[in-house]
Amino acid sequence: MNSIVHPFSKIAMVAAVLTWVVFSAHAQTYPEQYLQQALENNPGLQAQHKAWEAAHQQVVITGALPDPTLSAGFFTPPMERFMGNQWFDVGVMQMFPWPGTLGKQKSASEKMAESQYHQFRDERNRLFMEMTRLWLEIYRKEQALNILERNKQILKAREDIIYTRYEGGQQRSGLTLDIYRLEIQLAALENREEKIGEEHRALVESFNILVGKVPDEVIETPDTLTVLAPGNFDTQPSAESFAANPQFNSTQAAAEAAAIQQEVSRLKTRPMLGVGLQYSYLAPGEAAMGQMDGGHMLMPMVSVSLPIFGRKNQATQQQSQLLAEAAQFRQDNRVNMLQTQWTQLLAKLNNLQRDRRFFEQQIDITQKTWELVTTAYASGDEGFDELLRIQDQLLELEWRILENLVNMHLTRAEMDMLLAQNIFE
């Protein structure tokens, strides 16, 4: 009876051992060896980084004084004055905002640059998440090919059972029919194997494009993925739980910038002061006209802006207040969205762990069923179709366990991304 022991009989025991070993710690796996290269080569991430650098330059721009104005005037003919004939005037004027305005503008720009930086972090995390997804899918396809190859060998070994059943020489038509059924099943597995191989090549190329590598370069994946521990997660996380999340940080910095901008709008309703200097050149005049010998004249000047349009000033302040309130609402909404995503991911992870326990139980039961059906087939009490059906069930369960394991790692990666942990810090 040892000749018909199915290799799947070891799956339940192996899964139980894995569960006992790995459930003692969180062992989330990431493609860490490719992250630095992606940071350097991915054009989308580089574009976001340049946008952050550009936003940082705005700090210098808004913290600087307005450009001075230079004015010049020429007289043709020259204007006759007591000191002589005035040919031209040249003046320069520098305006100064109300005290404190430039500092507030600079602070607001710094907060906006900080918001842009967190957007860069978010783009980086999205890139890492997509790399992790593709990497796990590559692993899944590779393991699927191994499963198919193993099942092909199992089916080929079933040919011995067919000949054992018909070794008496009777019902030769039944022998031929069962052999044909076996060949059909093998052909289906080979076709499935070719399709998965094509999908694997596409995933490898996509991953290499993200990283900036040669499209057909081999991607290293782990030999096995471990079953992740359930973990003790907060079912109702507060805003503080997402304190490191770049989306939360970005909206928070934008809200702070809007609040500062509200103060800037108030200061801009105050007068601006200007200080300048005017130079005039006077050529010697005619003595008969009582004019003097000309000379150079310097005249200090001051100016002040008059913010007399009250409705405009009120509208400016009201606008900045509304923008600040809108920014605060966006921040509150972001917290709600993060909490919603966390709740959904936690429910998904719990269901994945629940499904895994179910699949392990089903494998154990299906394996026992397969052994009974194999014995019945060898003795002529069961048909080959039933044997193939049980074989398909075992194959499907192995597929499900592999898919469950990959989805478990992918879900935990998404949870790490929300909390900005591991590679998403």
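Here, each number is a calculation from the coordinates, and none is a lab measurement. Treat the numbers as computed from the prediction; the structure is a model and nothing was measured. Please note: Cβ atoms are built from the backbone with ideal geometry, for glycine as well, and neighbour counts cover all protein chains shown.
When peptides 57-67, 149-159 are ranked by their average number of other Cβ atoms within 10 Å per residue, the highest-first order is 149-159, 57-67.
For the range 347-358, 3J(HN,Hα) computed residue by residue from phi via the Karplus equation (6.51, -1.76, 1.60; θ = phi - 60°) reads 5, 5, 5, 4, 5, 5, 5, 5, 5, 4, 4, 5 Hz, glycine and proline entered as x. Convex hull volume of the C-alpha atoms in the range 141-230, normalised per residue: 135 Å³.
Identify all aspartates and glutamates with a Cα-Cα distance to Lys195 below 15 Å; exclude those on the same chain that are fewer than 8 residues away in sequence. Hits, sequence-local ones excluded: Glu137, Glu142, Glu149.
Compared with the dominant Cα axis of the chain, that is its longest principal axis, helix 43-62 is turned about 20°. Near Asp385: Cβ cut-off under 12 Å, other residues only, Lys/Arg at +1 and Asp/Glu at -1. The net charge is -2. The packing ranking of peptides 260-272, 222-234, highest mean first, is 260-272, 222-234, where packing means the average number of other beta carbon atoms within 10 angstrom of each residue.
Compute the FRET efficiency between Trp399 and Gln46 as 1/(1 + (r/R0)^6), taking r as their Cβ-Cβ distance and R0 = 41 Å, and round to the nearest 0.05. Walk me through the numbers on the way to the answer.
Numbers: r = 39 Å, r/R0 = 0.95.
E(calc), rounded to 0.05, equals 0.60.
Our estimate of slack between Asn336 and Phe233, defined as 0.36 nm per intervening residue step minus the Cα-Cα distance, is 35.3 nm.
Extension gain Leu65-Tyr163, at 0.36 nm per residue separation less the Cα-Cα distance, in nm? List each step's numbers first, then the result.
Details: separation 98, 0.36 × 98 = 35.28 nm, distance 9.50 nm.
Once the chain is fully extended between Leu65 and Tyr163, it gains 25.8 nm.
Look at Thr374, Thr235 and count the other Cβ atoms within 10 Å of each Cβ; fewest to most, that gives Thr235, Thr374.
For the range 413-420, 3J(HN,Hα) computed residue by residue from phi via the Karplus equation (6.51, -1.76, 1.60; θ = phi - 60°) reads 5, 5, 5, 4, 5, 5, 8, 6 Hz, glycine and proline entered as x. Extending 7 Å from Cα along the Cβ direction at Arg201 and again at Leu39 yields two label points whose distance is 3.4 nm. Glu198 sits among other residues whose Cβ lies under 14 Å from its own Cβ, and their net charge, with Lys and Arg +1 and Asp and Glu -1, is -4. Dividing the convex hull volume of the alpha-carbon atoms in the range 266-425 by its residue count gives 274 Å³ per residue. Taking a ≥ b ≥ c as the square roots of the eigenvalues of the alpha carbon gyration tensor, the range 189-232 is oblate, as a/c is not under 1.5 and a/b does not beat b/c. For the residue pairs Lys111/Lys312; Lys50/Lys268; Lys104/Lys268; Lys106/Lys312; Lys141/Lys368, the alpha carbons lie more than 21 Å apart in Lys111/Lys312; Lys50/Lys268; Lys106/Lys312; Lys141/Lys368. Axis angle, to the nearest 10 degrees, between helix 246-267 and the longest C-alpha principal axis of the chain: 20 degrees. For Ala283, the residues whose modelled amide H falls within less than 5 Å of its own, excluding neighbours fewer than 5 places apart on the same chain, are Asn85, Gln86, Trp87, Gly295.
In which sequence would His409, His49 go, from the one with the fewest C-beta neighbours within 10 Å to the one with the most? Could the numbers behind the result be given before it?
Values: His409 24, His49 17.
Fewest to most other Cβ atoms nearby, the residues stand as His49, His409.
Once fully extended, how much extra length lies between Ala376 and Arg192, figured as 0.36 nm per residue of separation less the alpha-carbon to alpha-carbon distance? Could the numbers behind the result be given before it?
Values: separation 184, 0.36 × 184 = 66.24 nm, distance 2.93 nm.
That pair, Ala376 and Arg192, stretches by 63.3 nm at full extension.
In the range 313-398, the ratio of gyration radius to Kirkwood radius, Rg to Rh, stands at 1.62 when only Cα atoms are counted.
Axis angle, to the nearest 10 degrees, between helix 101-165 and the longest C-alpha principal axis of the chain: 10 degrees. Gyration tensor over the Cα atoms of the chain: the corresponding equivalent ellipsoid has semi-axes (square roots of 5 times the eigenvalues, largest first) of 82, 24, 14 Å.
How much net charge surrounds Glu220 when only other residues with a Cβ under 13 Å from its Cβ are counted (Lys, Arg +1; Asp, Glu -1)? Before the final figure, lay out each step's value.
Values: positive: Lys213; negative: Glu32, Glu142, Glu217, Asp223.
The answer is -3.
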